[in-house]
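Only one structure is covered here, and it is reproduced in the block below.
The values are calculated or read from the model by the stated rules, or taken from the named source; none is laboratory data. Computed from a prediction, not measured in an experiment: that's the story for all the values here. Note that each Cβ is placed from the backbone with ideal geometry, even for glycine, and that neighbours are counted across all protein chains shown.
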Amino acid sequence: MKQVRVCVVGASGYSGEELVRLLLQHPRVQLAAVTSRQHAGMTVAQVFPKFASHAKSKALRFTDSSTSDIENLAEIFFLALPHGVAAEFAVPLVERGCKVIDLSADFRIRDAAVYKEFYGCDHPAPGLLQRSVYGLPEVYREQIRTSSLIASPGCYPTSILLPTLPLLREGLIRAEGIIADSLSGVSGAGRKIEAGFLFVECNESARPYSVPKHRHLSEIEQELSVAAGGAVQIQFTPHLIPLNRGILTTLYLSPKEHFKSDAEAAAIGEQISRCYECAYANEPFVRLLDGNALPDTKNVAGTNCIEIAWRLDIRTGRLIVMSAEDNLVKGASGQAVQCMNILCGFPETTGLS
């Protein structure tokens, strides 16, 4: 069975580590190269002892390489780099005909002016923005199949967009007044040494941050606007909680139709159920919860699945939709591998089940 050669650029962060884990066990992949300035010269097994049982991890060494050094080592390149830095690798790789899956924010936003507004600097490669595909498989699967540059979505956007997009597309909710509250594990901040993310600061603590304009709002509102057919703005408040990994999101939405009785709520509920079933019944990584079940981060930790549940509140006339995902898998590396499977024509669950 032929294997695809892949390279992870920036493999020492949390998302990079998760990519290495998934790609080492992927039956259709040869992990040909990993890069890290910090760990150059060390083997994967030395940096990540948990992977030492994989024979490849004891031979594969991290390199501190330029694009010209690695371009011939692989067919597909995963960029697990900070925004701004990722584009420095993406531009020459795409120009040389390589396939790039970027986990940074550099190619998620179609408008360079919006990128500058939210990220505080000029876009490093505006000429590639129209060539990139937003890597949300459940929405852009067909475009991903033929793309040379895939922008893997952020973890918060995934937890908000998958529950909301079908409802907007079908006109079941109003585009105005959307409120999203999200709780994230500390790994979402990346592997870095900052006082706010030290154990003593995060343990026994829960706090909001980046209020009222988190950077991920740019891609969230972009995709919601596409689904709604017009500009959408939402209220989004992220919170940091003492959890290693996982995101729990609660969305407060207004149905297009008002309801004040159980009968009216039941009719709207049937529409919502049909909408979600139509959108996700055949999606391998979307779990629509039944009965009294509600999303729980412990049920998705380490998986590429997102759980979704909803409730109608007759008292307030609102629709409450909840989701849970692993921010490092479905919210980052697992979704990137899912995109790779689509791009390569593999069964979508390969290496992710």
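List of remarks:
- Scanning the stretch 276-291 for any residue that is more than 24 Å from C155 (Cβ to Cβ), modelled with pLDDT of 95 or more and either in the same structural domain as Y14 (by TED's automatic domain parsing) or assigned to a helix (DSSP H, G or I) (or both) turns up at least one such residue.
- Residue in the stretch 100-121 that is assigned to a helix (DSSP H, G or I), without any contact (Cβ under 8 Å) to a residue 24 or more places away in the chain and touching a Pro at 6+ places or on another chain (Cβ under 8 Å) present: yes
- First in the stretch 183-211 and farther than 17 Å from S104 by Cβ and in the same structural domain as Y14 (by TED's automatic domain parsing), second anywhere and modelled with pLDDT of 95 or more and not in a loop (DSSP other than H, G, I, E, B), Cβ under 6 Å, 6 or more apart: none
- Only one entry of I241, I247 meets the criterion of being more than 26 Å from I314 (Cβ to Cβ) and in contact with a helix residue (DSSP H, G or I) (Cβ under 6 Å, 6 or more places away or on another chain), and that entry is I247.
- With respect to the conditions (1) assigned to a helix (DSSP H, G or I); (2) in contact with a His (Cβ under 9 Å, 6 or more places away or on another chain), L128 falls short on a single one, namely (2).
- The one condition in (1) surrounded by fewer than 17 Cβ atoms within 10 Å (Cβ to Cβ); (2) at pLDDT 95 or above that V300 fails to fulfil: (1)
- S132 over 29 Å from L289 (Cβ atoms), modelled with pLDDT of 95 or more and surrounded by fewer than 20 Cβ atoms within 10 Å (Cβ to Cβ): no
- Set D313, D326: member being acidic (D, E), modelled with pLDDT of 95 or more and crowded, with 22+ Cβ neighbours inside 10 Å: D326
- Residue match in the stretch 26-35 (condition: at pLDDT below 95 and in a loop (DSSP other than H, G, I, E, B)): no
- With respect to the conditions (1) farther than 17 Å from M340 by Cβ; (2) loosely packed, with under 15 Cβ neighbours inside 10 Å, Q3 lacks only one, and its number is (1).
- Exclusive hit being assigned to a loop (DSSP other than H, G, I, E, B), basic (K, R) and within 27 Å of E170 (Cα to Cα), set R311, R315: R315
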